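Heads up: the structure comes next, in structure tokens.
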Amino acid sequence: MMGRGLARALVLALVPALGAAAPAAAQVADLVDRTAFRVCADPGNAPLSHQDGSGFENKLAAMFGEKLGVPVTYVWFPMVTGFIRKTLQAGRCDVVIGYAQGDEMVLNTNHYYVSTHVLIARAGSELADVDTLTDARLLGKRIGVVAGTPPATHLARNGLIAQAKGYDLVVDRRVENPAGDMLADLQSGEIDLAILWGPIGGPLAKGNDALVVTPLLKETATPRLFYRITMGVRAGEDEWKHELNSLIRRNQAEIDAILMEAGVPLVDDYGTRLKPAG
């Protein structure tokens, strides 16, 4: 998960805006439980994480637990304000699987994937081949965007925000589903185009021949639309971070395979090209 407003930017994305960091001085003891892979996760954040184990972050957790030779356990908490404080910082779990690089609430591992926001259009529509937010065909169109995310800034700059339809960023996904609502509105014709964080939009649209997903790889203006996604651990637990870094490095191909199978668009470290399969 990134975050959500990426995540995870984001959401991505991304997790960075969802809590207040505890003082560094309080993060002195290694609280990692070596008898289990204890994961902090949102119980209803599909397609990233879900209490039924169907999310791609659940599959990554299962793979890491297997490599460590320990069972996977979860502390479930909705990714709203206080998520990190009430889970990871409280010592109830030891890792957040998806977290945007650079946020100060956690100690980041090395990134294990990079993704970007995507455009989702109806197949066969005049917008199906749009691949940049500066395309003149977007003028006058009703575009769905998650409020407060980087694409909303791009829409405003390009004169597209007045007719855009906003969807909430920070919600309890057990009772609200902004991404699902956006795609339903797209298919019904309520909006003409959807913009979502790739690790959400890609998997949700995968297998739906009525939708076309296009990663945003050509945007050069700020804010950037791609994010490096890490795992988050408690400040000061450098040994645990290094152990996870080693697992990421040794199992990158398997990680990529899980993400690509889920439909996550993987891009290079600069967000300019898709990462090849295999």
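Looking across segment 89-112, the residues that are open to solvent by 30 Å² or more (accessible area, probe 1.4 Å) and closer than 20 Å to residue 61 by Cβ come down to 89, 90, 92, 101, 107, 110, 111. For segment 223-249, the set of residues classified as without any contact (Cβ under 8 Å) to a residue 60 or more places away in the chain and open to solvent by 50 Å² or more (accessible area, probe 1.4 Å) consists of 242, 243, listed by residue number.
For beta carbons closer than 7 Å, sequence separation of 6+ or different chains, a first residue in segment 162-175 that is of a type in the set (Asp, Glu) and a second that is open to solvent by 70 Å² or more (accessible area, probe 1.4 Å), the qualifying pairs are 168/176.
Against the list (1) surrounded by fewer than 17 Cβ atoms within 10 Å (Cβ to Cβ); (2) assigned to a loop (DSSP other than H, G, I, E, B), the condition residue 261 fails is (2).
Return yes when residue 194 is over 30 Å from residue 94 (Cα atoms), in contact (Cβ under 8 Å) with a residue 60 or more places away in the chain, open to solvent by less than 30 Å² (accessible area, probe 1.4 Å) and of a type in the set (Gly, Ala, Ser) and no when it is not. Here the answer is yes, as residue 194 does meet what is asked. Evaluating residue 230 against the criteria (1) in contact with a His (Cβ under 6 Å, 6 or more places away or on another chain); (2) in the same structural domain as residue 138 (by the TED database); (3) among the β-branched types (Val, Ile, Thr) leaves one unmet condition, (2).
Residue 220 satisfies every condition listed in (1) outside the structural domain of residue 55 (by the TED database); (2) within 26 Å of residue 83 (Cα to Cα) except (2). Does any residue of segment 113-132 turn out to be under 21 Å from residue 172 (Cβ atoms), in contact with an Asp or Glu (Cβ under 7 Å, 6 or more places away or on another chain), open to solvent by 40 Å² or more (accessible area, probe 1.4 Å) and part of a loop (DSSP other than H, G, I, E, B)? The answer is no; no qualifying residue exists. Pairing each residue of segment 80-92 that is among the aromatic types (Phe, Trp, Tyr) with any residue that is buried (at least 16 other Cβ atoms within 10 Å of the Cβ) and in a loop (DSSP other than H, G, I, E, B), provided the two are 6+ apart or on different chains, yields C-beta distances under 7 Å for 83/18; 83/19; 83/77.
The listed residues are 217, 183, 160, and the only one of them that is at pLDDT 95 or above, buried (at least 17 other Cβ atoms within 10 Å of the Cβ) and either at positive phi or part of a helix (DSSP H, G or I) (or both) turns out to be 183.
The values are calculated or read from the model by the stated rules, or taken from the named source; none is laboratory data. These numbers were taken from a predicted model, which means no experiment stands behind them. Please note: Cβ atoms are built from the backbone with ideal geometry, for glycine as well, and neighbour counts cover all protein chains shown. Just the protein is used for accessible areas: all its heavy atoms, side chains included, with ligands, DNA and RNA removed. Shrake-Rupley method; radii C 1.70, N 1.55, O 1.52, S 1.80 Å.
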